[in-house]
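Q: After the structure tokens below, expect a handful of questions from me.
The numbers here are math on the coordinates, done by the rules we state, and not lab data. These numbers were taken from a predicted model, which means no experiment stands behind them. Cβ atoms come from the backbone with ideal geometry, glycine included; neighbour counts cover every protein chain shown.
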Amino acid sequence: MNAEAADADIIARTKAGDADAFEALYRRHAARIYTLACRMAGSADDGEDLLQEIFLQVYRKLGSFKGDAALGTWVYRLAVNHCLDYVRSRRAKMNKLTETLDADTSFEPHAPRETPIARLDLERAIERLPDGCREAFVLHDVEGFDHKEVAGLLEIAEGTSKSQVFKARAKLRGYLKK
Amino acid sequence: MHPSEEALTDYIDGALDAAARAEIERHLETCVACRRLVDDSREIKTVAASLDLREPPIRSWMRLERAIKLEARPAGRGAAFWDAARLGWARPQLAWLAAAAVILVATAVGFKLLPRGARPSAPAAGTQANAPIVSDAASADAAAQSVEAELRQAEDHYEKAIKGLEQIANAEQDVFDPRTAATLQKNLAVIDQAISESRAALRAEPANEPAQQSLLESFKAKMALLQDTVALINEMRKGNEAGAARIVSGLKQKGD
């Protein structure tokens with residue numbers, strides 16, 4: 001069965017009330033969505049809550065899936081949008097400003113690194129990034145969106161996306177040297 | 001003068017034309033700070049693109065399944081959806097276990113104290129929209145009381161949920177081998193210690209915000225550990241060795 005037919009099969013079976021089909025869809029995509037959610041939210045706890053909310057949305061909206069893209073792409077887009085809504089809403093509630101972004105981003109020389117950056121260290125450092133530059137960094141450097149796409153998703157100018165990614169890298173550099 | 005942030009980002013991302021690239025490279029030849037910044041940023045970008053996926057906790061599926069089951073019921077959608085016989089839960093001794101676990105999981109999530117500065121300043125009870133604004137001191141006092149009441153409510157909620165989970169875990173603990181039981185006990189002891197310390201700090205200073213946050217985080221950690229324990233019991237009763245091994249591995253990592 002090709003990917004398109006497999007997607008159609010999962011959708012038809014889920015709509016018919018086959019719980020195994022939805023579980024199969026969850027198992028296939030949960031790790032990617034959970035990883036994205038943890039990184040966008042900056043915390044595993046929030047990532048777990050987001051994972052549940054995203055798959056509830058998938059369940060609710062599966063009937064409206066038109067098949068214009070692969071099911072996995074559709075789930076992923078839905079997840080990105082949900083994560084962005086969450087981060088925006090959290091920022092509004094917390095009234096969190098990004099004035100601290102200017103710290104650690106100066107052009108003062110840093111000593112060269114003596115060891116390569118470990119993935120686990122980078123994961124932890126990403127969690128420390130302020131909202132705003134973290135989303136831009138995760139979307140651009142981790143998820144592979146270009147700046148035009150990041151700008152569209154975050155509803156900011158393309159230049160702002162570049163500036164946010166620059167600041168995120170500079171802050172990460174500071175965190176990883178400490 | 002250093003290049004702009006935008007120009008350096010474009011350079012690192014390989015998005016500049018030849019002339020602009022050459023201009024940046026001329027600057028990098030003489031500016032150690034920018035050269036190191038570019039080198040480090042490139043390394044961060046490379047490592048970021050190769051980060052591993054994370055597996056969600058096993059309990060995530062249990063939570064989702066329960067939520068969907070509840071959602072499907074009123075509308076009558078998918079009448080056969082999420083049949084209780086799935087996952088081996090039809091066996092009587094597991095049916096109550098699974099049901100109790102997911103109900104507790106569903107009721108005990110979502111408590112978070114916002115930092116004080118982020119709290120909306122709701123008018124005191126009985127005040128009218130056009131009433132004079134209460135003094136700053138009265139407002140701060142009301143906010144502090146509100147936070148403490150919120151904390152008490154959250155604490156009460158967590159304690160009830162934790163008690164239920166503990167009953168399940170204690171009743172079924174015969175399934176664990178001694179090493180796993182010891183790991184669970186060790187992790188629980190660490191969290192209980194954190195709860196005791198947070199409570200002691202709050203007794204001395206009820207408005208201590210870090211202690212309030214720490215207490216809630218500790219409750220949340222205990223909930224998560226007990227949820228993992230219940231998920232582990234389920235996997236072991238089902239004979240799912242791979243699922244059980246994944247949970248035990250997660251428990252050990254948390255305890256390290």
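Q: Assuming a viscosity of 1.002 mPa s and a temperature of 20 °C, what translational diffusion coefficient in µm² per second does Stokes-Einstein assign to chain A, Rh being the Kirkwood radius over Cα pairs? Each step should come with its number before you reach the end.
A: On the way: Rh = 17.8 Å.
Value of D from the Cα-based Kirkwood radius: 120 µm²/s.
Q: Now for a separate question. Expected output is a single nm value to one decimal: the length gained when fully extending between B:Asn170 and B:Arg35, i.e. 0.36 nm times separation in residues minus the C-alpha distance. What is it? Please report the intermediate quantities before stating the final value.
A: Numbers: separation 135, 0.36 × 135 = 48.60 nm, distance 5.93 nm.
So the extension gain works out to 42.7 nm.
Q: Starting from the 7 Å offset along Cα-to-Cβ, what nm value, one decimal, do you get for the label separation of B:Ala20 and A:Arg32?
A: 3.1
Q: Right, another one. Please report, ordered by residue number, every helix of chain A (full DSSP H runs) that is 15 Å or longer along its axis going by C-alpha atoms and whose mean Kyte-Doolittle hydropathy reaches -0.5.
A: Details: long enough: A:3-15 (18 Å, -0.12); A:19-41 (29 Å, 0.02); A:44-61 (25 Å, -0.55); A:71-94 (34 Å, -0.23); A:158-177 (29 Å, -0.89).
The qualifying helices are A:3-15, A:19-41, A:71-94.
Q: May I ask you to order B:12-20, B:224-232 by the average number of other C-beta atoms within 10 Å around their residues, highest value first? Before the final figure, lay out each step's value.
A: Details: B:12-20: 13.0, B:224-232: 23.7.
Averaged packing, sorted descending, gives the order B:224-232, B:12-20.
Q: Sticking with this one: With a sphere of radius 9 Å drawn around the Cβ of A:Val87, what net charge do the other residues whose Cβ falls strictly inside it have (Lys, Arg +1; Asp, Glu -1)?
A: Details: positive: A:Arg88, A:Arg90, A:Arg91, A:Arg134; negative: A:Asp85, A:Asp131, A:Glu135.
Here the charged neighbours net out to +1.
Q: Count the net charge of all other residues whose Cβ sits under 11 Å from the Cβ of B:Ala149, scoring Lys and Arg as +1 and Asp and Glu as -1. The partial results should precede the final answer.
A: Working: positive: B:Arg152; negative: B:Glu148, B:Glu150, B:Glu155, B:Asp156.
Once positives and negatives cancel, what remains is -3.
Q: Relative to the present Cα-Cα distance, how much length would full extension add between A:Arg13 and A:Ala44 at 0.36 nm per residue of separation? Walk me through the numbers on the way to the answer.
A: Numbers: separation 31, 0.36 × 31 = 11.16 nm, distance 3.14 nm.
Going from the current span to full extension adds 8.0 nm.
Q: What does the net charge come to around A:Thr160 if you take all other residues with beta carbon closer than 13 Å to its beta carbon, with K and R at +1 and D and E at -1? Display every interim value, and only then the final one.
A: On the way: positive: A:Lys148, A:Lys162, A:Lys167; negative: A:Glu135, A:Glu155, A:Glu158, B:Glu5, B:Glu6.
Local charge sum for A:Thr160: -2.
Q: If each residue of separation counts as 0.36 nm, what is the full-extension length gain between A:Thr73 and A:Ala3 once their alpha-carbon separation is subtracted?
A: The A:Thr73-A:Ala3 span can extend by a further 24.0 nm.
Q: Determine, from the Cβ-Cβ distance of A:Leu84 and B:Ser196 and an R0 of 45 Å, the FRET efficiency 1/(1 + (r/R0)^6), rounded to the nearest 0.05.
A: Calculated transfer efficiency: 0.70.
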